[in-house]
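The values are calculated or read from the model by the stated rules, or taken from the named source; none is laboratory data. Everything numeric here is computed off the predicted structure, so don't read it as measured data. As a convention, Cβ positions derive from the backbone with ideal geometry for all residues, glycine included, and neighbour counts pool all protein chains shown.
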Amino acid sequence: MLQDYLIPETVEQALSHLQGGKGRARVVAGGTDLLLDLANGKKEAGVLVDLTRIPGLQEITLEDDLIRLGAAVTHNQVAKSKLIQEKASVLARAARSVGSLQIRNTATVVGNVVNAQPAADAAVALVALGAVAEVVSPSGKEYIPVEKLYAGVGKSVLDSTSQIVTRIQFPALLKNQGSAYERLEQRKALALPMLNVAVVVSLADNRFQWARIVMAPVGPGPVRATEAEAILTGADVSLGNIENAAAAARAQANPRSSALRGSREYRLEVLPVLVRRALEAAVVRAGGNC
Amino acid sequence: MSSKILTFTLNGETIRVVVEPTDMLADVLRDKLNLIGVKKGCGQGECGACTVIMNGDAVTSCIIPALKAEGAVVETIEGIGGPGKYHPLQESFMDLGAIQCGFCTPGMIMSAKALLDKNEQPTREEIREAISGNICRCTGYVKIEKAVSTAAEKIREGK
Amino acid sequence: MKNYNVVGQSVRRLDAAEKATGTAVFSSDFTLPGMLYGKVLRSPYAHARIVSIDTTEAEKLPGVKAVVTYKNTPREIFNTSATMTFTVPALKPVLDQYIFDSVVRYVGDEVAAVAAVSEKLAEEALKLIKVEYEELPAVFDPLEAMKPEAPDIHANCKEGKNIIGEIIKIPMGDVEKGFKECDLVIEKRFKLPIVKQVQMETQAAVAQVEVNGKITVWSTTQTPHPTRMILAKIFGVPNSKIRVLNPPYVGGGFGVRIGLSAKAEPIAVALAMQAGKPVRVIYSREEDFMASDTRHGGYVTVKLGAKKDGTFHALDLKAALNGGAYCSFSTETPGVLGAMGLAVYRIPNQSYYGHSVYTNVTPAGAMRGFGNPQAMFPIESVVDMMAEELGMDPLELRLKNIMRAGDPWCLPYPCQSTGLAECIERGAKSIGWERRGSLNQPGAKKLRGIGVGVGTHVSNSWPFCVDYDNAIVTVQQDGSIHLASGVPDIGTGTSTALPQLAAEVLGVGLEEVSLTFGDTLSTPFDIGSHASRTLYAAGTAVVAAAEDAKRQILEYAADFLKVSPERLEIKDSLIYITGRELGEDCAGTGVCKTGEERISVTLQELAYHAHLRNKQFIGVGRIVPENAPPWHAHFAEVEVDTETGQVKVIRVAAAHDVGKAINPVIVEGQIEGGVLQGVGYAVSEEIVHDAKGRPLHNSLHKYLLPTAEDIPEIDAIIVEASDPSGPFGAKGVGETGLVPTAGAIANAVYNATGVRFYEIPMTEEKVFRALSAAKNSTC
Ligand SMILES: Cc1cc2nc3c(=O)[nH]c(=O)nc-3n(C[C@@H](O)[C@@H](O)[C@H](O)COP(=O)(O)OP(=O)(O)OC[C@H]3O[C@@H](n4cnc5c(N)ncnc54)[C@H](O)[C@@H]3O)c2cc1C
Ligand code: FES
Ligand code: FES
């Protein structure tokens, strides 16, 4: 049962609150996942340590072509940010598709990642952007790729009773790079995705220098379509190559059947369509054409 | 349980109220402060009936821990206008038939107000985005959307 | 057309200010001093016998004031729906529920309830109740439940295995012979989903039991008077000792609380009796989903026969509906399905055979449209198929066959009006019907289509169910008007439209009229808000009461002005002699010089004059309504993403013959809200159960009703084919907005893709599968 709710003013203070809680104190950001999990017994905590007032953590910054999002940055901040729209549009779109505006006003991008749902919208986009989490704990600071944060469905490798993600960072996209987000959803708001796909491509002379293609929920966390990425690396920008990549993505996907959000078979059939659409859109944004 | 004193600004007034760490903001507003305009349709952030404006943003108060509001500025339907000084949104909701059962209305108006406070010339898409978390089962949203754009017009004209 | 002063005006709703300021009180806001909070323990099993139940630990928890189970509550059998109060003899209502029983029949069925000093404590106490269950075999599909090997869910089925109440049969002409005489016959079976009203306020009740035994219940019911009758029976208390009222606002209904608000009222009363304190029970959204009535899903078969020239000649309709674990409205719903399904087209040979079947899912009951949408999606699909087979335009085929005023039909009252042809004409114009067929470029991946669906409905429930109404109009001593009607206002605008009627009849301004409603203590009997009846039936009583009061006023005024009452009229609260110039007059001044002839008097002066002479004008309306058919045609334009199967509804033109729109903006609101529910019914809404009978769609996040970002453009078109039986010509509109929508959308999807759907909702996966299957079969 919750005994206290603390609002520290520095990361150090937050860490010491966590330490004082001896495993019973837990980080909370927007609380849109955590409070519901506490209410229905999926998680337990005696003390909540709210990060959202710590100065600096509410900011989205660009420094040396690196975009950094503080742990208190909300989905709506990201969706409306000119910077993100221009230099990481895949994330702006992913964040825009979360829940409803009220949820986006409260819920954080970092919370979305740490909560570790396989198809968490912002997390899927962040993996495509090659994002890295800055994690602090009493033993110091470390940087972990978002892709590596998943320990299973709904399980993060992070321990939110002792570790804090302070920021997430990723390179801003360059002129020859483009990104796109595709989401198969049952309605336009308040719906978790049946499938989501995030891609980032980098082009030179209408060839793919590289591509990052991430799909979900087709595994325990966001899944890189590495075969598809390999097909595109160095290949011409063409519909044929894109379709081959889409087919390869499908071959690498392992979705489950959900009574609420589509059977495995259906998801497998539609996945390549989303991958194709996302790649086509990303190519256009990167200044290429198929 | 360790009760705490929550201090925040509610509809322009400084409020101090004793709350438990487990209390949600919606329950404190409804049960302890008698603001029954904060409705509860789900208690899970999924219907928007409990929408209030906190530090300028529309939020679903049923999933916000009350203590998170410490020092915050909170507005509810009760604080935005009334007889003789209705908010343009209240006026247009009343005049254009945007109200049926009325259960979604306070939350709907608060979501719309948070939008118009920042954007007096919203597009149709922006209006829909602003109320996308407010479920209304009665109206089909048609007259609500119209009421919001009409209120925006009135606000612009009033300047 | 006649000119009215108040009727036909889109006046601001009288409840608007309270609702726009957050001061309107709903049941879930209602509190009383010392009030306790009730919570309900529900069955985790779809079908089980309670072997033992131990509440001692829960009772010991400090702050717990009452624990109730089947062992300490009345063993009086009832039906949560108002059917038990208004079933017309010789039919008998099916009674099959107790507050709590020793057998549970669906996941969510009530097992016990607790009242405690806080909601959290009550929830904790629930966890301390120990129940041992013996699981019984369960069945979830109505066709499965009719098989001999299926478990018996109740012992009362006389007409067949698990069949609820009577099988409804409607014969007309000779169908067998009729089909033989047809050139073309199409027969198809359709599958319909279980969907939910999802009114925004969940079921709620606050009960107070006084020391003298009087009971007061504030609740979300749509039918305060019938609910009082049900509670009186359950608790063995005279009607006169129970008061049921709305506080006065209700956060929507759409049929979910015609009768009790699920079991919120009896549970609150049982807890209040035991605790000796007022108790409030508010259902969580999940409880509302799993333990309050749904719309019947099931199977409907349509067999339609036509002559070569397109004349419909025979129609056979069959329905087997999923009634769920208890009867509720399971006998009436298939009746309305059949009656409405047969009433749209003039077909000499018709028959209907339909019923509901018990299964182990949440009981199905009333939901807006009440069986009619379940009839019209299948029928309108088959009519469309018939048009294609005949090579006729779907509009032409419909116009050729639709019912006309005076036609014989299966309903026990005459068809006195229809504006359906006008609805079709105006709807077609709005959608741009002529664009149909040229909407898509070859090779397009997103395909557009346009479709139509039509239908009718009732304007109250007579003579299918008991339906009479009363109203009292009291002229106050200052000439202002008080109106009392037992009807509630669940959001449909009754509490504005009824005063509009009274004001119009009495010739006073709307601001002169106040209304008391939704309270059994201060209003005369009314059967409630259902069957699209409040304006039509309660309105007829209001008009009668106002006319009665007006007659008394004019008689008194006749004496006063020394003319015959026939020469008097009232306008703007002024009673005047018709045909006389209303010029210089001393009316209202009260200073007429002796000998001067008065030609008018204000109602204010007259009422006070009467008061000083021991007289008050009190009009009473006591009526049995006739019935009248509202008509409607919906046109939908859709876009189907053939690569994902997603159906996007782009535009709906909804033309509705409402007889007379007493308040046009309110009428439009009814149509628009109905249409969006119809869109949800067609493409996304559904409650699915897992293998154990647990509902999967049990929250607003999972249940896919449309949000503001999903809405099509909706053009609500009002058509007014006045009906002589309705107040000022009005007919019902409350339910009709979603009756033909799914049919129109399914026909539009067919128009777009060439694939016909025999099942709704047309979810992306179903559409994708069907499109793939169609592609594979053609190449
Ligand atoms: C109605 C509704 C609709 C939704 N729709 C969507 C949707 O469409 N798509 C989607 O992806 N999600 C959706 N969500 C979930 C989404 O709101 C969350 O995933 C959100 O982004 C989590 O952020 P938060 O700040 O609320 O996290 P919290 O709930 O505060 O925290 C989530 C978890 O992360 C931990 N945590 C948070 N921040 C940190 C940190 N900095 N360091 C260490 N640990 C941390 C917490 O301890 C907790 O375990 C929805 C939620 C609701 C209620
Ligand atoms: S009550 Fe808060 S969102 Fe529904
Ligand atoms: S008016 Fe009833 S839910 Fe919106």
Self-check item: Selected residue (criterion: farthest from ligand 1 (Cβ to nearest atom)) from residues of region A:109-123 that are away from chain B (no Cβ under 13 Å) and out of contact with any helix residue (DSSP H, G or I) (no Cβ under 6 Å at 6 or more places or on another chain)
Solution: A:Pro118
Practice problem: Go through region C:690-701 residue by residue and tally those that are surrounded by 21 or more Cβ atoms within 10 Å (Cβ to Cβ) and at the interface with another protein chain (Cβ under 9 Å from one of its Cβ atoms). | Solution: 2
Quiz prompt | Residue satisfying condition, being more than 29 Å from C:Leu705 (Cα to Cα), touching a Leu at 6+ places or on another chain (Cβ under 8 Å) and surrounded by 23 or more Cβ atoms within 10 Å (Cβ to Cβ), within set B:Leu89, B:Leu33, B:Leu29, B:Leu67 | solution = B:Leu67
Exercise. Kindly indicate whether C:Arg228 is among the charged types (D, E, K, R), farther than 18 Å from C:Gln97 by Cβ and within 28 Å of the chain's Cα centre (by Cα).
Key: no
Quiz prompt | Extreme residue, nearest to ligand 3 (Cβ to nearest atom), among residues of region B:53-88 that are in contact with a Cys (Cβ under 6 Å, 6 or more places away or on another chain) and within 18 Å of B:Val18 (Cα to Cα) | solution = B:Cys62
Exercise. Would you mind stating whether C:Ala387 is modelled with pLDDT of 95 or more and within 21 Å of C:Trp433 (Cβ to Cβ)?
Key: yes
Quiz item: Restricting the search to region C:668-689, which residues are part of a loop (DSSP other than H, G, I, E, B) and more than 7 Å from every other protein chain (Cβ to nearest Cβ)?
Solution: C:Glu685, C:Glu686, C:Ile687
Quiz prompt | Hits in region C:79-137 (condition: surrounded by fewer than 17 Cβ atoms within 10 Å (Cβ to Cβ), modelled with pLDDT of 95 or more and within 27 Å of C:Ser461 (Cβ to Cβ)) | solution = C:Leu95
Practice problem: Name every residue in region C:178-199 that is within 14 Å of chain B (Cβ to nearest Cβ) and assigned to a loop (DSSP other than H, G, I, E, B), in order of residue number. | Solution: C:Lys196, C:Gln197, C:Val198, C:Gln199
Quiz item: So which helices (runs of 4 or more DSSP H) are wholly in region C:1-102 and hold at least 2 residues that are within 14 Å of chain B (Cβ to nearest Cβ), within 27 Å of the chain's Cα centre (by Cα) and within 30 Å of C:Leu498 (Cα to Cα)?
Solution: C:16-21
Quiz prompt | Search result, residues across region B:71-110 that are within 16 Å of B:Asp27 (Cα to Cα) and within 16 Å of ligand 1 (Cβ to nearest atom) | solution = B:Gly107
Practice problem: Report whether or not B:Arg137 is under 28 Å from C:Leu705 (Cα atoms), more than 16 Å from ligand 1 (Cβ to nearest atom), touching a Gly at 6+ places or on another chain (Cβ under 9 Å) and not hydroxyl-bearing (Ser, Thr, Tyr). | Solution: yes
Practice problem: Note down all Cβ pairs under 7 Å where the first residue falls in region B:135-151 and is farther than 19 Å from A:Leu101 by Cβ and without any contact (Cβ under 8 Å) to a residue 40 or more places away in the chain, the second is within 13 Å of ligand 3 (Cβ to nearest atom) and part of a helix (DSSP H, G or I), and they're at least six residues apart or on different chains. | Solution: B:Cys138/C:Gly673; B:Gly140/C:Glu672; B:Gly140/C:Gly673; B:Gly140/C:Leu676; B:Val142/C:Glu672
Quiz item: Which numbered condition trips up A:Glu269, out of (1) more than 14 Å from chain C (Cβ to nearest Cβ); (2) at negative phi?
Solution: (1)
Quiz item: Which helices (runs of 4 or more DSSP H) sit wholly inside region B:79-159 and have at least 2 residues that are more than 7 Å from every other protein chain (Cβ to nearest Cβ) and at positive phi?
Solution: none
Quiz item: Quick one: what pairs do we get from region B:32-54, first residue farther than 15 Å from A:Thr32 by Cβ, second near ligand 2 (Cβ under 6 Å from one of its atoms) and among the basic types (Lys, Arg), C-beta under 8 Å, 6+ apart or different chains?
Solution: B:Ala49/B:Lys40
Exercise. Quick one: count up the residues across region C:180-217 that are farther than 20 Å from C:Leu705 by Cβ and among the polar types (S, T, N, Q).
Key: 3
Practice problem: Might you let me know whether region C:346-353 holds any residue that is surrounded by fewer than 24 Cβ atoms within 10 Å (Cβ to Cβ), in contact with a Lys or Arg (Cβ under 8 Å, 6 or more places away or on another chain) and under 23 Å from C:Thr741 (Cα atoms)? | Solution: yes
Quiz item: Of the residues C:Val620, C:Val624, which is of a type in the set (Val, Ile, Thr), in contact with a Phe, Trp or Tyr (Cβ under 8 Å, 6 or more places away or on another chain) and surrounded by fewer than 24 Cβ atoms within 10 Å (Cβ to Cβ)?
Solution: C:Val624
Quiz item: For region A:18-46, how many residues meet the condition of being over 27 Å from the mean Cα position of the chain (by Cα) and free of Cβ contacts under 8 Å to residues at least 60 places away in the same chain?
Solution: 3
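For (1) within 14 Å of another protein chain (Cβ to nearest Cβ); (2) under 24 Å from the mean Cα position of the chain (by Cα); (3) touching a residue at least 12 places away in the same chain (Cβ under 8 Å); (4) farther than 21 Å from C:Ser461 by Cα, each residue gets a yes or a no:
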| position | (1), (2), (3), (4) |
| --- | --- |
| C:Trp218 | yes, yes, yes, yes |
| C:Phe235 | no, no, yes, yes |
| C:Arg243 | no, yes, yes, yes |
| C:Pro248 | yes, yes, yes, yes |
| C:Gly253 | yes, yes, yes, no |
| C:Pro266 | no, yes, yes, yes |
| C:Ala270 | no, no, yes, yes |
Self-check item: Single residue of C:Val88, C:Val25 found to be outside the structural domain of C:Glu119 (by TED's automatic domain parsing), closer than 30 Å to C:Gln670 by Cα and among the β-branched types (Val, Ile, Thr)
Solution: C:Val25
Quiz item: What strands (runs of 3 or more DSSP E) completely inside region B:1-74 contain at least 1 residues that are facing another protein chain (nearest Cβ under 9 Å), over 24 Å from A:Ile54 (Cα atoms) and of a type in the set (Val, Ile, Thr)?
Solution: B:51-54
Self-check item: Complete set of residues in region B:31-89 that are more than 9 Å from ligand 2 (Cβ to nearest atom) and of a type in the set (Ser, Thr, Tyr)
Solution: B:Thr76, B:Tyr86
Practice problem: Please list, ordered by first then second residue, the pairs with beta carbon atoms under 7 Å, 6 or more apart or interchain, first in region C:735-751 and outside any helix (DSSP H, G or I), second among the hydrophobic types (A, V, I, L, M, F, W, C). | Solution: C:Glu735/C:Phe370; C:Val739/C:Met376; C:Pro740/C:Met376; C:Pro740/C:Val454; C:Pro740/C:Ala633
